Amino acid sequence: MAWFKRDKKSIEQTTPPEERRVRTEGLWVKCESCRTIVFRKDLETNLHVCPKCQFHFKMNSTQRLEMLLDGRWTEHDAGMTSTDPLKFVDTKAYATRLRDAKKKLGMNDAVITAEGQLNGRPVVMCSMEFGFIGGSMGAVVGEKVTRGIEMAIETRQPFIAISCSGGARMMEGTISLMQLAKVSAALARLDDEKLPYISVLTDPTTGGVTASFAMLGDLNIGEPGALIGFAGPRVIEQTIRQKLPEGFQRSEFLLEHGFLDAVVHRKDLKSFIASSLDLLLT
């Protein structure tokens, strides 16, 4: 019965078990639309668009600036940070939400104001960050966007806003709602100076951001499949007690009904904006 006995000492494993595992976590992404498994590096190379069904994944504020601006850019007002004027608390204190968002994202609020070049043309651009408390617009976001518009006026440059937001920041109450009027008034001054404003609406753009600067562009551009509206579809259905049409509040639906000027694939967005600026500035 020798075959039941181990005559030789087993080979010792010198590598810890956790290091012997194949590290694949985070290397693959499942498309939310077609459910295809996509290699993350391929997705990033394809501007975060599914190569099979062309579904547009969300991008963060920095990625959008890198996609549209030529090389390096200068960030302005990065040090501005929200306070907690109402000492607001819901399931968590607002001060805690701010602290956690800053630590996670390494930024002080939900928008980046940048000055750079797009196809060689100087522009001022604001890019919103949905990961920071849903990209909501409080006092700092409103002030930074307003300052971006004023910088465009002072330097005689076009202004571009990339919206990605759940709307006004409820934790700041009326102070947040005041930003709608403030940013809109700044855009009126930009218009008086005959300087172009291009608004890019991404998924999602809702609430007070839609009700203010996101829909006030000389040219309003939506990304494919983006949810754009004021109240959400579920709220509307519950209010009117009717089933909404297929694709309601998606960018293609809004284009068909005259609320957008264009729906542009991400790979074409930079050249489309550049061509539009050439037309608007002639």
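Read-outs throughout are calculated quantities, based only on the coordinates presented, and are distinct from any laboratory measurement. For clarity, every value in this text was computed on a predicted model and none was experimentally measured. Heads up, the Cβs are rebuilt from the backbone with ideal geometry, glycines too, and the neighbour counts pull from every protein chain shown.
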Point to revise | Length released on extending from residue 185 to residue 45, taking residue separation times 0.36 nm less the Cα-Cα span | key: 46.5 nm
Practice item. Could you give the size of the charge dipole of the stretch 155-269 about its Cα centre, using +1 on the Cβ of each K and R and -1 on the Cβ of each D and E, expressed in debye and rounded to the nearest 20? Key: 280 debye
Practice item. State the cysteines of the chain left without a partner when partners are defined as other cysteines whose beta carbon lies under 4.7 Å away. Key: 126, 164
Review point. Can you give the direction-averaged projected area of the convex hull of the alpha-carbon atoms in the stretch 90-162, in nm²?
Key: 5.2 nm²
**Study point:** Total formal charge among the other residues, if their Cβ is under 12 angstrom from that of residue 223, Lys/Arg +1 and Asp/Glu -1
**Key:** +2
Revision key, fill the gap. Mean separation of Cα contacts under 8 Å (at least 6 apart) over the residue count of the chain, i.e. the relative contact order in percent, is 13 percent
Study note, to complete from the structure: Highest mean packing first, using Cβ neighbours within 10 angstrom, the peptides 247-256, 140-149 sort as 140-149, 247-256
**Study point:** Unsatisfied cross-links (Cα-Cα over 28 Å) in the set 52/104; 144/194; 52/144; 30/270; 30/267
**Key:** 52/104; 52/144
Revision key, fill the gap. With Cα springs under 10 Å, the Gaussian network model of the chain assigns the largest mean-square fluctuation among 36, 45, 205 to 45
Exercise for review: Let me know the charge dipole size of the chain about its Cα centre in debye, to the nearest 20, where only the beta-carbon of Lys, Arg (+1) and Asp, Glu (-1) is charged.
Suggested key: 1500 debye
Review point. What is the local net charge at residue 129, summed over the other residues whose Cβ is closer than 15 Å to its Cβ (Lys, Arg +1; Asp, Glu -1)?
Key: +2
**Study point:** Per-residue ³J(HN,Hα) for the stretch 61-70, Karplus 6.51 cos²θ - 1.76 cosθ + 1.60, θ = phi - 60°, Hz, x for Gly and Pro
**Key:** 4, 5, 4, 5, 5, 5, 6, 9, 8, 7
Exercise for review: Please give the FRET efficiency for residue 92 paired with residue 256, using the beta carbon to beta carbon distance and R0 = 41 Å, rounded to the nearest 0.05.
Suggested key: 0.55
**Study point:** Antiparallel %, DSSP beta bridges [both residues in the stretch 58-280], to 5
**Key:** 40 percent
Study note, to complete from the structure: Packing-ranked peptide list from 60-69, 237-246, highest mean Cβ count within 10 angstrom first, is 60-69, 237-246
**Study point:** ³J(HN,Hα) computed for each position of the stretch 141-148 - Karplus, 6.51 cos²θ - 1.76 cosθ + 1.60, integer Hz, glycine/proline x
**Key:** 4, x, 5, 5, 5, 4, 5, x
Exercise for review: Could you please rank 210, 91, 74, placing first whichever residue has the fewest other Cβ atoms within 10 Å of its Cβ?
Suggested key: 91, 74, 210
Practice item. Read phi for every residue in the stretch 99-112 and hand back ³J(HN,Hα) as whole Hz from Karplus 6.51 cos²θ - 1.76 cosθ + 1.60, θ = phi - 60°, with x for Gly and Pro. Key: 4, 5, 5, 4, 5, 6, 9, x, 9, 8, 6, 8, 8, 10
Practice item. For residue 38, list long-range residues whose amide hydrogen, built 1.01 Å from N in the peptide plane, is under 5 Å from its own amide hydrogen. Key: 29, 30, 31
Exercise for review: May I ask for log10 I(q)/I(0) of the stretch 58-280 at q = 0.14 Å⁻¹, from a Debye sum over the Cα atoms as equal point scatterers with solvent left out?
Suggested key: -0.84
Exercise for review: Just subtract the alpha-carbon distance of residue 62 and residue 282 from 0.36 nm times their residue separation and send over the number in nm, one decimal.
Suggested key: 76.2 nm
